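Engineer: Structure below; questions to follow.
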Amino acid sequence: MLLIEEKYRSVAQMLFSSGSCPRCVLRFCCVGSTTPYRLPYKDLVCELRTYLAANPGDTTDLHWNPPCKRPKLDVTDENQGGDDSTNFSQCEGTNEPPVPKTCNLCLGILQHLSEAQFVKEIFQKVNSAGYEYKDFVFSVSLPAQLSVREYSAWLQAKQEMGKQGRSFDKADIVQLKEAYKWIIHPLIAKELGVQAVSKSLFEVAVVFAHPETDGDCHFLAKVCKDCFKATKNKQSVFTRMAVVKALDKIKEDDFHASFSYPPQCPGTVCEVVDIQCSHASLFVAGRYNKYSRNLPQTPWVIDGERKMESSVEELITEHLMAVFKAESFNFSSSGREDVDVRTLGKGRPFAIELVNPHRVQLTVQDMKELQQKINRSDKIKVRDLQIVTREAVAHMKEGEEEKTKCYSALIWTEKVIHKEDLQLLDNTEELKIAQKTPLRVLHRRPLASRARVIHTMRTEPVDEHHFRLFLKTQAGTYIKEFAHGDFGRTKPNIGSIMKTIADILELDVESVDVDWPPALDD
């Protein structure tokens, strides 16, 4: 059953006789059931002819025959939605010989490109790409000129419905993408062995093009010039969005004057430009310790020259990239330490976005083994390595400046240190300081004055010119500058408080007080 309402009979007759395929006829007759679209193509043609022939009105020129532009393919009746048009034989009771044609609305997509052979191509592409997935979402990129052809058919259908005193809303037409997915979803799902869903981390995308009819859109640029603006990233100004925008603005009379109905049936079918597979980013989080004073957090390159052999980022990601088989990555962390600063204690929280990973189904044991591989390094160690959601990564950055961090520093002073000097520091709490952007980072950060808080300080004498300083500070405090003053750019500072010249010789991060990611039982 075609499920076409009687009121659409004249629309169906008009479209079918003018070169539109049966599935496009169903779309413009607002058939919202998937069943008719999935009928074998030959059966669908015969049913539509039978339906239209039953009309007591004019039935001339109804024997539009389906296209046979491709060589005969092995398509069985079991392949619902298969393109039986490629080995079409006459309907019973019909003496008309087959006439090769390609649909003037879908440009062959609902005829040739919903067949078993094309589904096999998709399967081979997905299978060879080597992804892990539990379901998939299917997306389609269509040529922009399809919108022009559909708009033309809608105007004619609206006029036809108007003869009955009925309106015809363009929004009621079943979209080509939707009809195509109704046909092809179950076929792809059967091949892949997983379900097609509306939202999935794994996407299979097909890109169509039809060079023969690219010129269909060009008249719109003369009528709606403001809709078509050249951009660096687009090869053509005639994008689908620009064409749709122009069709929303154009007057019907102007459209009719430039684009006639019915659109010509092309001599070629849509080309498959690409079949693309991609997986949404995967996020891995953990905490790292850095034990080397000659290791930057990220690759250190100045004027194209590498300054250090490796980095924290590389020592972690080289293992993740190999295991997850990702295309690229983005590294982020809760703050950063200088190259000569160690990170001790429970470590610094970090998160890595793995872009387009091919392997995604890792067990807890897999993650433990991955952590052990990373920890073979004597420069860094990681803990609590785990897969997290994109949303969870935001916790790492939430309220960064309100967080606290603990440090230990080896301080040198010019004058001899007295017990009273250290007691002064020990008794200082909630010290408010003002820090201008340090000179050492001014080349990459804007000049600004920032208020920061030193919550507590504790000292341990080493000798008459050295002592250990343990600080708990507001996140974002420049500790080195608090020690030596940065030529007066940080006030107050250790030197000004002790009334001497002071400098910092060593600095360690003892803790980063961010309760994320969740601790694991290692």
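Engineer: Quick check: pseudo-label points 7 Å beyond the Cα along Cα→Cβ at Ser167 and Ala519, how many nm apart are they?
Structural biologist: Those two pseudo-labels are separated by 6.5 nm.
Engineer: Mind checking which of Phe168, Pro266, Cys227 is farthest towards the positive end of the stretch 154-277's charge dipole, using Cβ charges of +1 (Lys, Arg) and -1 (Asp, Glu) about the Cα centre?
Structural biologist: Highest projection toward the positive end goes to Cys227.
Engineer: Counting other Cβ atoms within 10 Å, which GluC sites (Glu not before Pro) in the stretch 327-393 have at most 16 and lie in a DSSP loop?
Structural biologist: Glu327
Engineer: How long are the semi-axes of the equivalent ellipsoid of the stretch 296-343, defined as square roots of 5 times the Cα gyration tensor eigenvalues? Whole Å, largest first. The partial results should precede the final answer.
Structural biologist: Values: eigenvalues 83, 42, 18 Å².
In descending order, the three semi-axes are 20, 14, 9 Å.
Engineer: With runs of 4+ DSSP H residues as the only contributors, calculate the mean residue ellipticity of the chain at 222 nm using -39,500 (n - 2.57) per run, divided by the residue total and rounded to the nearest 500.
Structural biologist: Calculated at 222 nm, the ellipticity per residue is -8500 deg cm²/dmol.
Engineer: Same structure again: Roughly how many Å² of His395 are accessible to a 1.4 Å probe, to the nearest 10?
Structural biologist: 90
Engineer: Something else about it: So, for the stretch 107-202, what is the accessible surface per residue at a probe of 1.4 Å, expressed in square angstrom? Walk me through the intermediate numbers first.
Structural biologist: Numbers: 4100 Å² over 96 residues.
On a per-residue basis, 43 Å².
Engineer: Determine the share of the chain's accessible area contributed by carbon and sulfur atoms, expressed in whole percent, with a 1.4 angstrom probe.
Structural biologist: Numbers: 12500 of 25760 Å².
The computed percentage sits at 49.
Engineer: Using the C-alpha atoms of the chain, what convex hull volume per residue, in cubic angstrom, is computed?
Structural biologist: Taking the convex hull of the Cα positions in the chain, it is 207 Å³ per residue.
Engineer: Go through Thr428, Thr268 and list them by solvent-accessible area, largest first, probe radius 1.4 Å.
Structural biologist: Details: Thr428 30, Thr268 65 Å².
So the residues, ranked largest to smallest area, are Thr268, Thr428.
Engineer: What dipole magnitude, in Debye to the nearest 20, does the stretch 150-248 give about its Cα centre under +1 on Lys/Arg Cβ and -1 on Asp/Glu Cβ?
Structural biologist: For this selection, approximately 320 debye.
Engineer: With N set to the number of residues, divide the alpha-carbon radius of gyration of the stretch 315-447 by 2.2 N^0.38 Å and report two decimals. Provide the component values of the computation, followed by the final result.
Structural biologist: Values: Rg = 20.1 Å, N = 133, 2.2 N^0.38 = 14.1 Å.
Here the answer is 1.42, to two decimals.
Engineer: Pairs of Cα atoms under 8 Å, at least six residues apart: use those to get the relative contact order of the stretch 295-417, whole percent. Could the numbers behind the result be given before it?
Structural biologist: Details: 119 pairs, mean separation 27.1, N = 123.
About 22 percent, as a whole number.
Engineer: Which FRET efficiency, nearest 0.05, do Arg306 and Asp214 yield, Cβ-Cβ r, R0 56 Å?
Structural biologist: My answer for the efficiency is 0.75.
Engineer: With a 1.4 Å probe and every protein chain left in place, tell me how much accessible area Asp254 has, in Å² to the nearest 10.
Structural biologist: Only protein atoms counted, so the area is about 70 Å².
Engineer: What's the center-to-center distance, using Cα atoms, between the stretch 118-141 and the stretch 240-277 in Å?
Structural biologist: Result: 28 Å between the Cα centres.
Engineer: Follow-up. How much accessible surface area, in Å² rounded to 10, belongs to the heavy atoms of Ser332 with a 1.4 Å probe?
Structural biologist: Spelled out: Ser332, probe radius 1.4 Å, area about 40 Å².
Engineer: Let me ask something else. Any idea what the relative contact order of the chain is, in percent, if you count C-alpha pairs under 8 Å spaced at least 6 apart?
Structural biologist: Taking the mean separation of contacting Cα pairs over the length of the chain, I get 12 percent.
Engineer: Another question, then. Quick one: pull the percentage of alpha-carbon pairs in the stretch 116-255 with a separation above 19 Å.
Structural biologist: Summing the P(r) of the stretch 116-255 above 19 Å gives 62 percent of all pairs.
Engineer: In debye, nearest 20: dipole of the stretch 393-436 around its Cα centre with unit charges on the Cβ of K, R (+) and D, E (-)?
Structural biologist: The calculation lands at about 180 debye.
Engineer: Hey, another quick one. So which trypsin sites (Lys or Arg not before Pro) in the stretch 234-280 end up in coil per DSSP with only 15 or fewer other C-beta atoms within 10 Å?
Structural biologist: Answer in residue order: Lys234, Lys251.
Engineer: Quick one: check the C-alpha center-to-center distance for the stretch 330-372 versus the stretch 12-26, whole angstrom.
Structural biologist: 57
Engineer: Of Pro349, Cys46, Val360, which is farthest towards the positive pole of the chain's charge dipole, taken about the Cα centre with +1 and -1 on the beta-carbons of Lys, Arg and Asp, Glu respectively?
Structural biologist: The Cα lying farthest towards the positive end belongs to Pro349.
Engineer: Taking every Cα atom in the stretch 213-316, find the radius of gyration and the maximum pairwise distance Dmax, and write them in Å.
Structural biologist: 26.4, 75
Engineer: Can you give the log10 of the normalised intensity I(q)/I(0) at q = 0.10, 0.13, 0.26 Å⁻¹, computed with Debye over equal Cα scatterers of the stretch 432-522?
Structural biologist: -0.31, -0.51, -1.48
Engineer: In units of 2.2 N^0.38 Å, what is the alpha-carbon radius of gyration of the stretch 225-286?
Structural biologist: The stretch 225-286 yields a ratio of 1.79.
Engineer: Here's another thing I want to ask about it. Test of understanding: extend the Cα→C-beta vector of Glu191 to 7 Å, then name every residue of the stretch 12-45 with backbone N under 19 Å from that spot.
Structural biologist: Once the point is set 7 Å along Cα→Cβ of Glu191, 38-41 turn out to lie under 19 Å by backbone N, inside the stretch 12-45.
Engineer: What does the charge dipole of the stretch 353-398 about its Cα centre add up to, to the nearest 20 debye, if the Cβ of each Lys and Arg holds +1 and the Cβ of each Asp and Glu holds -1?
Structural biologist: 220
Engineer: Could you tell me the ratio Rg/Rh of the stretch 258-367? Both radii from Cα atoms, Rh via Kirkwood.
Structural biologist: My calculation of the ratio gives 1.30.
The values are calculated or read from the model by the stated rules, or taken from the named source; none is laboratory data. Not measured: the values here are computed from a predicted model. A quick note on method: Cβ atoms are made from the backbone with ideal geometry, for glycine too, and the neighbour counts reach across all protein chains shown. Note: accessible area is taken over every heavy atom of the protein model, side chains too, but ligands, DNA and RNA are not part of it. Shrake-Rupley method; radii C 1.70, N 1.55, O 1.52, S 1.80 Å.
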